[in-house]
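Read the structure below first, then the notes.
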Amino acid sequence: MASGKKVLLKVIILGDSGVGKTSLMNQYVSKKFSAHYKATIGADFVSKDMVVDDRLVTMQIWDTAGQERFQSLGVAFYRGADCCVLVYDVTMPNTFKTLDSWRDEFLIQASPRDPENFPFVVIGNKIDLENRVVSYKRAQGWCHTKNDIPYFECSAKDNINVEQAFQTVAKQALLQEADVELFPDQFPDRIDLKSNDNKPKSDCAC
Ligand code: G3D
Ligand code: MG
């Protein structure tokens with residue numbers, strides 16, 4: 001049985017446009033793959049309740065709506081993330097090469113307390129296609145050099161490995177969130193709703 005209060009985990013998905021970020025999220029959350037999915041405007045998230053290591057968690061997965069083309073996602077998108085999923089397309093080598101800059105961009109924008117140990121998960125997507133170009137070995141090697149990032153090869157289309165990848169994402173995020181609870185004063189972005197500092201001042205004219 002799951003125990004304790006429900007934990008909210010924020011997960012963000014990054015990677016070049018067209019690699020399948022939205023499709024992976026839809027497959028995981030709604031068990032659907034739609035080739036005609038239309039992205040909404042602005043960053044958006046979906047939630048999924050699950051049990052991880054005996055804890056009830058709500059995983060909030062933040063997806064982009066095409067702004068990744070300009071790498072202009074805004075700081076609110078990154079803020080408070082507990083895990084970052086980096087996605088590339090195994091048939092498009094350029095999308096693999098840009099993983100480095102997506103990782104760097106995340107670390108700059110989210111500025112986590114301990115960047116070296118911040119949890120990432122890498123997904124090589126579209127393994128259902130015949131024309132794969134980036135090998136497992138090459139991708140796994142890159143992950144190894146980045147402090148052993150867990151690596152999964154998936155197909156959002158055929159629902160291969162998607163569940164497994166997100167289970168690992170949730171586990172990593174939960175570990176990170178436990179860290180936040182242990183050292184709350186080191187995470188100034190979190191607002192304490194009970195604190196008097198947040199109440200309107202009495203001489204407020206509004
Ligand atoms: P993005 O959110 O990263 O931009 P999308 O990517 O989820 O919008 O997917 C981009 C295109 O790749 C879509 O095709 C989608 O159907 C396709 N796609 C996503 N995942 C897979 C997969 O696992 N296998 C295959 N074969 N295709 C996939 P369109 O044609 O709509 O551009
Ligand atoms: Mg998308």
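State yes or no: is Gln140 closer than 17 Å to Val11 by Cα and of a type in the set (S, T, N, Q)? It is false that Gln140 is closer than 17 Å to Val11 by Cα and of a type in the set (S, T, N, Q). In region 133-174, of all residues being acidic (Asp, Glu) and either outside any loop (DSSP other than H, G, I, E, B) or in contact with a helix residue (DSSP H, G or I) (Cβ under 8 Å, 6 or more places away or on another chain) (or both), the one that is surrounded by the fewest Cβ atoms within 10 Å (Cβ to Cβ) corresponds to Glu163. Flag set for Lys126, criterion: surrounded by 13 or more Cβ atoms within 10 Å (Cβ to Cβ), of a type in the set (D, E, K, R) and within 16 Å of ligand 2 (Cβ to nearest atom). Scanning region 97-129 for residues being on the phi > 0 side of the Ramachandran plot and at pLDDT 95 or above gives a total of 1. From the list Ala139, Ala156, the one residue that fits, being of a type outside the set (Ser, Thr, Tyr) and touching a Leu at 6+ places or on another chain (Cβ under 6 Å), is Ala156.
What do you reckon, is Ala139 under 19 Å from Phe33 (Cα atoms) and small (Gly, Ala, Ser)? If you could, list the steps in order and put the result at the bottom.
Numbers: under 19 Å from Phe33 (Cα atoms): no; small (Gly, Ala, Ser): yes.
The answer is no for Ala139.
The strands (runs of 3 or more DSSP E) found entirely in region 1-77 that carry 3 or more residues being touching a Cys at 6+ places or on another chain (Cβ under 8 Å) and either closer than 17 Å to Thr168 by Cβ or modelled with pLDDT under 90 (or both) are 3-14.
The values are calculated or read from the model by the stated rules, or taken from the named source; none is laboratory data. Small disclaimer: the values here were computed from a predicted structure and weren't measured. Neighbour counts run over all protein chains shown; Cβ positions are idealised from the backbone, glycine included.
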